[in-house]
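Visitor: I have a structure I would like to understand better, so I am pasting it below and will then ask my questions one at a time.
The values are calculated or read from the model by the stated rules, or taken from the named source; none is laboratory data. It should be emphasised that the depicted structure is a prediction, and the values quoted were computed from it without experimental measurement. Positions of Cβ are backbone-derived with ideal geometry, glycine not excepted, and every protein chain shown enters the neighbour counts.
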Ligand code: MOS
């Protein structure tokens, strides 16, 4: 099915199940410990052995010697696999550095070997007995030092020029020209990278923890140079990903290598201290923003340049993305510059692009509003645009940023904020409020599903979509229930299996809208099959209350499958609407902080997000998504930072004791409001992504609140107390 033109009425619009705040259908399984995660599956063909991964002890150079003699003789050891004795591996298309390193070392803790033993403890102690010496080479670990050599990019990441930025900025009566920095950050998901792998002949099966089943299957096939149809990937429950699990990583590759070497299933859970340097992270950025405005607050020039680094062949943090679309101004410039660094691999994390980009842009906007002596909500409203400012012929499919800002200001009590900073005090606490716009693009991904109607009137959905803690099971069940006119209990959802039709997967906040659209398409086909089976005209038939109705006839839906299960499989593909309309999601974030006058301790007291993201498929799961995202935003603002050892090239704080993230108790009051929207230009579901929107803008809202409380403008995240001095 192709989504080309806005649908008129459609079955999903009945909103009997869709749009309802139902509990998670998988909630009980998870809260009672019955949902198996990657390391816990028992459906495997033989008793598993345990793998322990050895990570490189240097950041750049070569292995000089690799001695596993003593380790090989230790109790329980079954195999030790390194680049010396592994089969030649192909190069995956989504990892920059090799997932099995050696003899060259590309980054610290790059996997160099796996030790397989009868028990985890035996594997770990044998791994400690493997002796590796290195020839260390000089690496590049400091973004500031490498910045002058950073290069421009091409394609989607090329510089953009609209009008005459330099001229307009130079002649603007009011200017802001500031540089902001964001640090390297880690996903810090709860469930580690983990895989159980085994071979049956030349076929590979894995239980793993991954956001994108089809990518994982393709990359495993590339790596092991085998046909994709010989690879079976399953990941039905995932304990968080945040972008870290978008790609095939070393846990799966090393488990598969170990399993081949010992002829048994091998399970690996990456130890936490290995994960943060072995896998991907969000790279640090240096962002220069220049804004030019008229004295009455109309932006005339917007310039945003961002520098980040990655291993040779890697990519940039696309921190300028939102700046291309968020505010009107005739003269514009955006530029990404990529430096080469020999730190661990940089890649997508929690709203890549917009999350760190807005941390800079939305402070700059606050700084400009202050220079203009204008309220920052009013200043943003004044510079709203209803068209893509780089392509003025392209309107937004729907854009209610102004309503988000104004509704949010009214609800939050924004009028009580003092425009002058450092004016509100409660005892030792300085109190401040901050605001930032939220913005994240909406991406639609091709997504397929199979639906089965059984003789008992139940419907089963099968798709390789994943649920990374987001609620996919629930909204997919709601979609099928709505389409087939069934109560939620009559629908079963099976996810995360590469033998199912290929879905959008979970990433870039495209999962909810895309995957339910695929289920919509499959159900539309199943409705036709059911109508035909009952001898009714598919064009005039209705599905409700477990019945199929046409004119004055009605029959139980179950009757359609009386003489055998009905099966429909369909793919939702997207037409060219994406080029006619700019599809984005919008929000406004309001934050109140208290900063201890004496110690500089910063506490977030209240947060509000007002979101405009199309139809909300389930207000409960969506709210949970946004609350989680807001909490991550506080992490980025106040706590999260990978400390780079610039001599030896690794992240020093590589576990959850040293890499701090906020928890519920850190934020006493969070509220989320969704505007009542439907975006019929986007999909038959009329929904857009919302998970990452909840994060985008939060960091700057906290920073702006800190400024309002203290009068200290911190432009270097995270805002730790030393930066108030
Ligand atoms: Mo997201 S960082 O695209 O999983």
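Visitor: Check off (1) surrounded by fewer than 16 Cβ atoms within 10 Å (Cβ to Cβ); (2) at pLDDT below 95; (3) more than 21 Å from residue 601 (Cα to Cα) for residue 646 and give me the number that stays unchecked.
Guide: (2)
Here is a yes/no grid of residues against (1) in a strand (DSSP E or B); (2) touching a residue at least 12 places away in the same chain (Cβ under 8 Å); (3) touching a helix residue (DSSP H, G or I) at 6+ places or on another chain (Cβ under 6 Å); (4) surrounded by 22 or more Cβ atoms within 10 Å (Cβ to Cβ):
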site: 532; (1), (2), (3), (4): no, no, no, no
site: 536; (1), (2), (3), (4): no, yes, no, no
site: 549; (1), (2), (3), (4): yes, no, no, no
site: 571; (1), (2), (3), (4): yes, yes, no, no
site: 579; (1), (2), (3), (4): no, yes, no, no
site: 591; (1), (2), (3), (4): yes, yes, yes, yes
site: 598; (1), (2), (3), (4): no, yes, no, no
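Visitor: Kindly indicate which of 31, 96 is free of Cβ contacts under 8 Å to residues at least 24 places away in the same chain and out of contact with any strand residue (DSSP E or B) (no Cβ under 6 Å at 6 or more places or on another chain).
Guide: Exactly one of 31, 96 is free of Cβ contacts under 8 Å to residues at least 24 places away in the same chain and out of contact with any strand residue (DSSP E or B) (no Cβ under 6 Å at 6 or more places or on another chain), namely 31.
Visitor: Residue by residue through region 551-569, note down the ones that are in a strand (DSSP E or B) and either modelled with pLDDT under 95 or over 20 Å from residue 1 (Cα atoms) (or both).
Guide: Residues satisfying the conditions are 553, 554, 555, 556.
Visitor: Still on this structure: Any idea which of (1) in contact with a strand residue (DSSP E or B) (Cβ under 6 Å, 6 or more places away or on another chain); (2) under 24 Å from residue 69 (Cα atoms); (3) crowded, with 20+ Cβ neighbours inside 10 Å is the one residue 133 doesn't satisfy?
Guide: (3)
Visitor: When residues of region 126-161 are filtered for being in contact with a helix residue (DSSP H, G or I) (Cβ under 9 Å, 6 or more places away or on another chain), closer than 30 Å to residue 258 by Cβ and not in a loop (DSSP other than H, G, I, E, B), how many remain?
Guide: 4
Visitor: So which residues in region 496-509 are touching a helix residue (DSSP H, G or I) at 6+ places or on another chain (Cβ under 9 Å) and either at pLDDT below 95 or more than 16 Å from the ligand (Cβ to nearest atom) (or both)?
Guide: 497, 498, 500, 501, 502 - these are the residues of region 496-509 that are touching a helix residue (DSSP H, G or I) at 6+ places or on another chain (Cβ under 9 Å) and either at pLDDT below 95 or more than 16 Å from the ligand (Cβ to nearest atom) (or both).
Visitor: Confirm whether residue 268 is modelled with pLDDT of 95 or more, part of a strand (DSSP E or B) and assigned by TED's automatic domain parsing to the domain that holds residue 114.
Guide: For residue 268, the condition - modelled with pLDDT of 95 or more, part of a strand (DSSP E or B) and assigned by TED's automatic domain parsing to the domain that holds residue 114 - is met.
Visitor: Which condition from (1) farther than 30 Å from residue 284 by Cβ; (2) buried (at least 17 other Cβ atoms within 10 Å of the Cβ) is the one that residue 324 breaks?
Guide: Of the numbered conditions (1) farther than 30 Å from residue 284 by Cβ; (2) buried (at least 17 other Cβ atoms within 10 Å of the Cβ), the odd one out for residue 324 is (1).
Visitor: A further question on this structure: I'm told residue 516 meets every condition in (1) within 20 Å of the chain's Cα centre (by Cα); (2) more than 16 Å from the ligand (Cβ to nearest atom); (3) on the phi > 0 side of the Ramachandran plot except one. Can you identify the failing condition by its number?
Guide: Of the numbered conditions (1) within 20 Å of the chain's Cα centre (by Cα); (2) more than 16 Å from the ligand (Cβ to nearest atom); (3) on the phi > 0 side of the Ramachandran plot, the odd one out for residue 516 is (3).
Visitor: It is to be established whether one or more residues within region 49-70 are surrounded by 11 or more Cβ atoms within 10 Å (Cβ to Cβ) and on the phi > 0 side of the Ramachandran plot.
Guide: yes
Visitor: Would you check if residue 411 is assigned by TED's automatic domain parsing to the domain that holds residue 325 and within 21 Å of residue 694 (Cα to Cα)?
Guide: yes
Visitor: Can you find a residue that is within 16 Å of the ligand (Cβ to nearest atom), at pLDDT 95 or above and under 24 Å from residue 469 (Cα atoms) anywhere in region 282-290?
Guide: yes
Visitor: State yes or no: is residue 681 part of a loop (DSSP other than H, G, I, E, B) and more than 30 Å from residue 55 (Cα to Cα)?
Guide: yes
Visitor: May I pose another question? Just the residues that are away from the ligand (no atom under 16 Å from the Cβ) and under 28 Å from residue 573 (Cβ atoms), please, taken from region 660-706.
Guide: 674, 677, 678, 679, 680, 681, 682, 683, 684, 685, 686, 687
Visitor: If you don't mind, there's one more thing I want to ask. Consider residue 713 carefully, then state whether it is more than 22 Å from the chain's Cα centre (by Cα) and not in a loop (DSSP other than H, G, I, E, B).
Guide: No; evaluated as a whole, the condition is false for this residue.
Visitor: Does any residue of region 620-633 turn out to be farther than 24 Å from residue 406 by Cα, at pLDDT 95 or above and assigned to a loop (DSSP other than H, G, I, E, B)?
Guide: Checking region 620-633: not a single residue is farther than 24 Å from residue 406 by Cα, at pLDDT 95 or above and assigned to a loop (DSSP other than H, G, I, E, B).
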